[in-house]
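The values are calculated or read from the model by the stated rules, or taken from the named source; none is laboratory data. In this text the structure is predicted, and so the values were computed from the model without any measurement. So basically every Cβ, Gly included, is an ideal-geometry build from the backbone, and we count neighbours across all protein chains shown. The area values use the complete protein model at the heavy-atom level, side chains included, leaving out ligands, DNA and RNA. Shrake-Rupley method; radii C 1.70, N 1.55, O 1.52, S 1.80 Å.
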Amino acid sequence: MATLGFRMLGLAGALLVVGGAQASTPPLDLARGLYVPGEILVRFRPGTDSQMRAHVVGSRGDQVLREVGRSGVVRVKLAPGQTVAAALDAYQRDPDVAYVQPNYRYRAFAVPNDPQYGQLWGLRNTGQSIAGGSYASNNPGVAGRDMGAEAAWDLETDCSSVVVAVLDTGVNYDHEDLAPNMWNGLPNHGDDFIDGDGDPMDEHGHGTHVAGTIGAVGNNGIGTTGVCWRVQLMAVRVLDAAGSGTTASIAAGIDFAVTEGAKVINLSLGGPSSDAVLSSAILRARDEGVVVVAAAGNEGSNNNTSPRYPCNFAHDNIVCVAALDQAYGLASFSNYGSTTVDVGAPGTNILSTWSGIVQTFVDDFNTGGVLDWTAAPVGGWAYASKPLGAPGGGSVTMPMLLNPSMWPDVVYGNNRDDRVYKTFDLAGVDAATVSFAFFADTEPGADFFRVAYSPAGGDPFAGGTLLESIDGSTDNFSDFREYDIADCVTATCTIGFQLLTDSAGQDLGVGIFEFGINTLQLDTARYEVVNGTSMAAPHVSGLAALLFAYNPEYGYLDVVESIKNGGTPVAVLTDRTTTGRAANAMGSLAYIRPPTGVVATPEP
């Protein structure tokens with residue numbers, strides 16, 4: 001159980017005494033967030049009756065709320081648009097006022113009592129080993145290499161005044177460690193721009209993991225904690241169960257989040273195209289004062305030369321984040337860029353909430369070396385074990401589904417409609433995806449490799465759903481595909497492939513390998529350890545929310561500057577980010593923009 005203490009968040013010298021004692025001006029610019037905005041406490045001189053008090057307060061358009069205990073101090077609500085600093089200055093000049101001060105905030109401070117807090121190295125790094133971590137380098141890490149969260153929590157843990165939109169695969173809003181922190185603006189805590197049904201339930205897990213890093217409920221004795229112990233998490237589903245989305249879904253999600261009052265948007269997603277529609281949506285968010293946090297990407301490449309968007313947009317409301325390991329080295333998979341990526345944050349072996357239980361079913365196309373998929377016509381498709389590097393050979397052989405059967409040594413025939421399919425029992429799960437890797441070489445614009453499914457069984461190319469039709473626009477190319485088949489969670493879900501050719505021209509054909517089906521069963525108490533710049537970005541989104549909560553008068557530029565300039569210098573980031581810094585919660589809360597336009601005049 002956590003031991004709680006209390007800390008006054010006001011600053012010395014902020015009490016204004018009038019009459020006989022010298023009044024001092026509180027350093028209110030340094031105390032943003034340390035007092036209640038729009039309120040002050042006023043102590044009238046003895047003998048000032050209630051009618052005179054009401055006159056003094058009412059003459060400024062303010063309102064007496066109530067007396068504070070038996071102190072003779074009254075709590076005053078300020079007129080709209082009046083700042084605390086201006087009110088203090090005005091009241092201290094009134095002869096009927098003995099003293100005036102802000103209504104300071106006090107908060108409990110403690111480390112959270114969440115049972116898995118000790119595994120959250122990004123918030124508190126003790127050099128611990130992370131159980132279940134798949135990123136072996138620097139696990140365990142180096143003590144002290146973390147975001148400085150505990151020092152920041154002495155000042156602020158409650159971001160409940162801030163809405164953070166998680167634009168992702170959705171969020172499991174029923175999760176035990178997220179439900180109390182979900183935004184309540186709509187029945188399902190957000191919206192769905194994939195299915196259009198208004199229900200942003202996460203059928204993947206990625207978005208739920210992101211949400212937990214930002215704002216899993218802190219100090220509730222359950223699971224983990226987020227950067228913010230309390231916050232409003234808005235679930236905006238813009239990616240499907242396979243983690244795939246479009247310009248249209250993401251741009252619509254951004255506009256929704258902005259319209260519904262989000263101050264921070266997390267975009268743990270990306271692509272290689274400079275997208276004008278997406279760019280415009282982020283600019284509209286900027287015009288409403290919204291900070292957008294983007295992941296740098298996981299290709300291990302330089303974004304300066306191989307752009308990833310939205311990270312590479314030059315908008316001043318974007319903070320782009322690279323991933324750091326447990327010793328604050330740059331993660332091997334993390335993208336970087338001296339002019340495109342802004343800060344680093346913890347991104348390896350990150351424990352957080354997950355949407356449900358994932359199971360993977362792998363199929364190798366054969367039983368006893370014989371094709372066990374239904375082929376029509378027989379003879380078009382075949383099973384064989386082939387070198388993984390084919391065409392061209394390789395040292396590792398894999399079971400493969402082939403067309404033609406002697407692929408890649410002969411070409412396929414003309415006028416072919418070769419289909420192969422298999423039925424899988426997926427009943428009882430909440431979501432599913434199908435994935436596979438492949439080589440393909442077909443006549444461009446004429447011959448096609450196609451993928452389809454059918455919930456009702458049988459030939460999926462006869463009344464099922466076509467997932468993709470691929471031609472040979474790039475010769476001898478290899479790729480990986482994963483598709484959302486959430487409406488195929490039946491006992492008769494059939495997956496199929498087709499080679500469809502015309503009357504002229506032949507090429508090498510198709511080789512398919514690493515076929516699998518992933519299913520998800522929703523669970524409200526699931527946690528997983530994951531790697532990625534997608535995991536680094538929400539650490540910074542949580543920090544952005546913390547800054548907005550701590551400094552209610554901050555605009556988006558104040559938050560962005562505090563994140564960038566309040567970070568910890570890290571040598572490995574010096575030439576790989578715009579700041580050379582790792583995000584630091586305490587450093588950002590303490591960051592104050594230096595004054596400008598100051599002229600020093602020497603004394604004569």
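Determine whether region 274-287 contains at least one residue that is open to solvent by less than 10 Å² (accessible area, probe 1.4 Å), under 28 Å from Cys159 (Cα atoms), assigned to a loop (DSSP other than H, G, I, E, B) and in contact with a Pro (Cβ under 7 Å, 6 or more places away or on another chain).
Scanning region 274-287, I find no residue that is open to solvent by less than 10 Å² (accessible area, probe 1.4 Å), under 28 Å from Cys159 (Cα atoms), assigned to a loop (DSSP other than H, G, I, E, B) and in contact with a Pro (Cβ under 7 Å, 6 or more places away or on another chain), so the answer is no.
Determine the pairs where a residue that is basic (Lys, Arg), located within region 293-320, has a partner that is crowded, with 19+ Cβ neighbours inside 10 Å and at pLDDT 95 or above with Cβ atoms under 7 Å apart, the partner being 6 or more residues away or on another chain.
Qualifying pairs under 7 Å: Arg308/Gly270; Arg308/Ala296; Arg308/Gly297; Arg308/Asn335.
Mind listing whichever residues of region 541-585 are in a helix (DSSP H, G or I), modelled with pLDDT of 95 or more and open to solvent by 10 Å² or more (accessible area, probe 1.4 Å)?
Phe548, Tyr556, Leu557, Asp558, Glu561, Lys564, Asn565, Ala571, Val572
So which of Thr247, Thr339 ends up being out of contact with any Leu (no Cβ under 7 Å at 6 or more places or on another chain) and not aromatic (Phe, Trp, Tyr)?
None of the others qualify; the one that does is Thr339.
For residues that are under 30 Å from Trp153 (Cβ atoms), open to solvent by 30 Å² or more (accessible area, probe 1.4 Å) and in contact with a helix residue (DSSP H, G or I) (Cβ under 6 Å, 6 or more places away or on another chain), tally how many sit in region 49-100.
Within region 49-100, residues that are under 30 Å from Trp153 (Cβ atoms), open to solvent by 30 Å² or more (accessible area, probe 1.4 Å) and in contact with a helix residue (DSSP H, G or I) (Cβ under 6 Å, 6 or more places away or on another chain) number 1.
Keeping to region 266-290, report how many residues are modelled with pLDDT under 95 and among the aliphatic types (A, V, I, L, M).
0
Tally up the residues in region 288-303 that are closer than 18 Å to Pro538 by Cα and open to solvent by 60 Å² or more (accessible area, probe 1.4 Å), please.
1
Answer yes if at least one residue in region 439-446 is touching a residue at least 24 places away in the same chain (Cβ under 8 Å), assigned to a strand (DSSP E or B), surrounded by fewer than 18 Cβ atoms within 10 Å (Cβ to Cβ) and within 37 Å of the chain's Cα centre (by Cα), and no otherwise.
Taking every residue of region 439-446 in turn, none turns out to be touching a residue at least 24 places away in the same chain (Cβ under 8 Å), assigned to a strand (DSSP E or B), surrounded by fewer than 18 Cβ atoms within 10 Å (Cβ to Cβ) and within 37 Å of the chain's Cα centre (by Cα).
Identify all residues within region 448-487 that are of a type in the set (Gly, Ala, Ser), more than 22 Å from Gly505 (Cα to Cα) and either in contact with a His (Cβ under 7 Å, 6 or more places away or on another chain) or touching a residue at least 24 places away in the same chain (Cβ under 8 Å) (or both); write none if there are none.
Passing the criteria: Ala452, Ser454, Ala456, Gly457, Gly458, Gly464, Ala486.
Specify the residue that is nearest to Pro80 (Cα to Cα); the eligible residues are those in region 39-48 that are open to solvent by 30 Å² or more (accessible area, probe 1.4 Å) and either part of a loop (DSSP other than H, G, I, E, B) or of a type in the set (S, T, N, Q) (or both).
Within region 39-48, the match that is nearest to Pro80 (Cα to Cα) is Arg45.
For region 407-438, enumerate the residues that are open to solvent by 40 Å² or more (accessible area, probe 1.4 Å) and over 19 Å from Ala384 (Cβ atoms).
Asn414, Asn415, Asp417, Thr423, Asp425, Ala427, Gly428, Asp430
Considering region 159-194 alone, what residues qualify as being closer than 13 Å to Val210 by Cβ and either aliphatic (A, V, I, L, M) or open to solvent by 60 Å² or more (accessible area, probe 1.4 Å) (or both)?
Within region 159-194, Val164, Ala165, Val166, Leu167, Val171, Leu178 qualify.
Between Asp202, Asp240, Asp197, which is acidic (Asp, Glu), outside any helix (DSSP H, G or I) and open to solvent by less than 10 Å² (accessible area, probe 1.4 Å)?
Asp202
Got a number for residues in region 454-509 being of a type in the set (Phe, Trp, Tyr) and open to solvent by 30 Å² or more (accessible area, probe 1.4 Å)?
3
With respect to Asn103, determine if the residue is in contact with a Lys or Arg (Cβ under 7 Å, 6 or more places away or on another chain), of a type in the set (S, T, N, Q) and either open to solvent by 20 Å² or more (accessible area, probe 1.4 Å) or closer than 30 Å to Glu528 by Cα (or both).
So Asn103 passes the test.
Among strands (runs of 3 or more DSSP E) lying entirely in region 304-402, which contain 3 or more residues that are among the hydrophobic types (A, V, I, L, M, F, W, C) and open to solvent by 30 Å² or more (accessible area, probe 1.4 Å)?
Passing ranges, in order: 350-363.
If you go through region 106-116 one residue at a time, how many are out of contact with any Leu (no Cβ under 7 Å at 6 or more places or on another chain) and either open to solvent by 20 Å² or more (accessible area, probe 1.4 Å) or free of Cβ contacts under 8 Å to residues at least 12 places away in the same chain (or both)?
4
Looking at Gly170, Gly190, Gly148, can you tell me which residue is touching a His at 6+ places or on another chain (Cβ under 9 Å) and small (Gly, Ala, Ser)?
On inspection, the qualifying residue turns out to be Gly170.
Among the candidates Ala248, Ala262, which residue alone is aliphatic (A, V, I, L, M), open to solvent by less than 20 Å² (accessible area, probe 1.4 Å) and not in a strand (DSSP E or B)?
Being aliphatic (A, V, I, L, M), open to solvent by less than 20 Å² (accessible area, probe 1.4 Å) and not in a strand (DSSP E or B) holds for just one of Ala248, Ala262, which is Ala262.
Could you grab me the full set of residues in region 219-237 that are touching a Gly at 6+ places or on another chain (Cβ under 9 Å), in a loop (DSSP other than H, G, I, E, B) and either open to solvent by 10 Å² or more (accessible area, probe 1.4 Å) or aromatic (Phe, Trp, Tyr) (or both)?
Trp229
Within region 320-337, is even one residue more than 19 Å from Ala571 (Cβ to Cβ), in contact with a Lys or Arg (Cβ under 8 Å, 6 or more places away or on another chain) and aliphatic (A, V, I, L, M)?
No, the conditions are met nowhere in region 320-337.
Is it true that Thr524 is open to solvent by 50 Å² or more (accessible area, probe 1.4 Å) and over 28 Å from Gly344 (Cβ atoms)?
yes
The rows are residues; the columns are (1) modelled with pLDDT of 95 or more; (2) outside any strand (DSSP E or B); (3) more than 15 Å from Ala242 (Cα to Cα).
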{"residue": "Val429", "(1), (2), (3)": "yes, yes, yes"}
{"residue": "Val434", "(1), (2), (3)": "yes, no, no"}
{"residue": "Ala452", "(1), (2), (3)": "yes, no, yes"}
{"residue": "Ala456", "(1), (2), (3)": "yes, yes, yes"}
{"residue": "Leu466", "(1), (2), (3)": "yes, no, yes"}
{"residue": "Ser473", "(1), (2), (3)": "no, yes, yes"}
{"residue": "Glu482", "(1), (2), (3)": "yes, no, no"}
{"residue": "Ala491", "(1), (2), (3)": "yes, yes, yes"}
